[in-house]
Amino acid sequence: MRNFIIDTDTASDDAVALVMALRQPDIAVKAITVVAGNVPLAPALQNALYTVELCAADAPVYAGCAKPLLRELETAQDVHGQDGLGDIGLPLYGRTPAPGHAADVLRAVIKAHAGDITLVTLGPLTNVALALLREPELARSVSHCYIMGGIGSGHGNVTPTAEFNIWVDPEAAKIVFESGMPMTMVGWDISWKYATFDARQAEEIRRIGTPLAEFVIDIQATLTEFSMTENALAGFDLPDPITMAAAIDPSIVDCREYRVDVTTGDGLERGMTVVDVLGVTKRAPQMRVATRADRAAFVDMLKRSVS
Ligand code: RIB
Ligand code: CA
């Protein structure tokens, strides 16, 4: 069994990534820590709790930061729906998280499994940054951290230069990127290139016919509309699930080691992940950046998780 801890701003693609991890037989999800991002903290919590219940799993869910370290919260409810799961009328209320703050739980769980814990981050990095600020030596106890965030190469999704998770809390991202943790960055370029699903491909998954198969597709209702009209995609894309797939099976992505820096300005200088491809800064690479992915292996893993 491999130990995972997942930090998430639980909305429609995060939920699919949670299903993949919770249904993976050789993975023990020791904690799910929730952060504000796609939706405010409260709905993100309910979405994570609902998804754990739907998977008949027992992973504890903890509340974390309700806003970025220094900036006001900017949500993406136009992308994922007001409730974050496509506004399809799911009963996303009345569930109670485990006691304790996510930043404290991250510290406790990482220390309890030092050297044998994979951290997967699916949202803004506020909780993780807070834990690292409180205890910098945590970075040495994390086996590997897989980050859905940034852009390995190409354009952004929230501005031309930035991807949403990094853009929401660039200061937190800078702290994490400079923490010394062994890290892999799966940028939004990997998602739109290898994890976009058109109507036929979505139906192929939904036709598996289980409640989970229908759930992972039906909750993409708002994301589909947004992706096709705003992101010029042929359907919805699944950035968090393809990042989770890389964490479950690292052979699914090809990576290159680069120095990657985060900008903390405003406007177009907000939340950029600057990849030093040619090494011109002469600063030691600290990030494995995914450069391509095996879509077939990803889709097979996704299908297995809902079968
Ligand atoms: O930019 C995509 C990322 O932002 C994904 O994690 C999505 O869930 C949102 O959090
Ligand atoms: Ca997310």
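The values are calculated or read from the model by the stated rules, or taken from the named source; none is laboratory data. Fair warning: this is a prediction, and the values are worked out from it, not measured in the lab. Using ideal geometry, Cβ is built from the backbone for each residue, glycine included, and neighbour counts are taken over all protein chains shown. Accessible surface areas use protein heavy atoms only, side chains included; no ligands, DNA or RNA. Shrake-Rupley method; radii C 1.70, N 1.55, O 1.52, S 1.80 Å.
What is the number of the single condition among (1) out of contact with any helix residue (DSSP H, G or I) (no Cβ under 7 Å at 6 or more places or on another chain); (2) of a type outside the set (Lys, Arg); (3) away from ligand 1 (no atom under 16 Å from the Cβ) that VAL29 does not meet?
Result: VAL29 fails condition (1) only.
Under 8 Å by Cβ, and 6 or more places apart or on different chains, what pairs join a residue from the range 51-73 that is without any contact (Cβ under 8 Å) to a residue 60 or more places away in the chain with one that is part of a loop (DSSP other than H, G, I, E, B) and of a type in the set (Gly, Ala, Ser)?
VAL52/ALA59; ALA66/ALA36; LYS67/ALA36
Which members of the range 1-45 meet the condition of being among the β-branched types (Val, Ile, Thr) and assigned to a strand (DSSP E or B)?
ILE5, ILE6, THR8, ILE27, VAL29, ILE32, THR33, VAL34 - these are the residues of the range 1-45 that are among the β-branched types (Val, Ile, Thr) and assigned to a strand (DSSP E or B).
For the range 224-256, what are the residues that are closer than 22 Å to GLN82 by Cβ and either among the aromatic types (Phe, Trp, Tyr) or open to solvent by 10 Å² or more (accessible area, probe 1.4 Å) (or both)?
THR224, GLU225, PHE226, MET228, THR229, GLU230, ASN231, LEU233, PHE236, PRO239
Would you mind telling me which numbered condition in (1) surrounded by fewer than 24 Cβ atoms within 10 Å (Cβ to Cβ); (2) among the aliphatic types (A, V, I, L, M); (3) over 25 Å from PRO68 (Cβ atoms) VAL216 fails?
Of the numbered conditions (1) surrounded by fewer than 24 Cβ atoms within 10 Å (Cβ to Cβ); (2) among the aliphatic types (A, V, I, L, M); (3) over 25 Å from PRO68 (Cβ atoms), the odd one out for VAL216 is (1).
Could you grab the pairs with beta carbons closer than 9 Å, sequence gap of 6+ or different chains, first residue in the range 253-268 and of a type outside the set (A, V, I, L, M), second one loosely packed, with under 13 Cβ neighbours inside 10 Å and at pLDDT below 95?
Close Cβ pairs (under 9 Å, with a partner that is loosely packed, with under 13 Cβ neighbours inside 10 Å and at pLDDT below 95) do not exist here.
Scan PHE177, PHE164 and give me the residue that is more than 15 Å from ligand 2 (Cβ to nearest atom) and surrounded by 22 or more Cβ atoms within 10 Å (Cβ to Cβ).
After ruling out the rest, the residue left standing is PHE177.
Run down LEU138, LEU85, LEU132 and say which single residue is open to solvent by less than 60 Å² (accessible area, probe 1.4 Å), of a type outside the set (Val, Ile, Thr) and within 16 Å of ligand 1 (Cβ to nearest atom).
So the residue among LEU138, LEU85, LEU132 that is open to solvent by less than 60 Å² (accessible area, probe 1.4 Å), of a type outside the set (Val, Ile, Thr) and within 16 Å of ligand 1 (Cβ to nearest atom) is LEU85.
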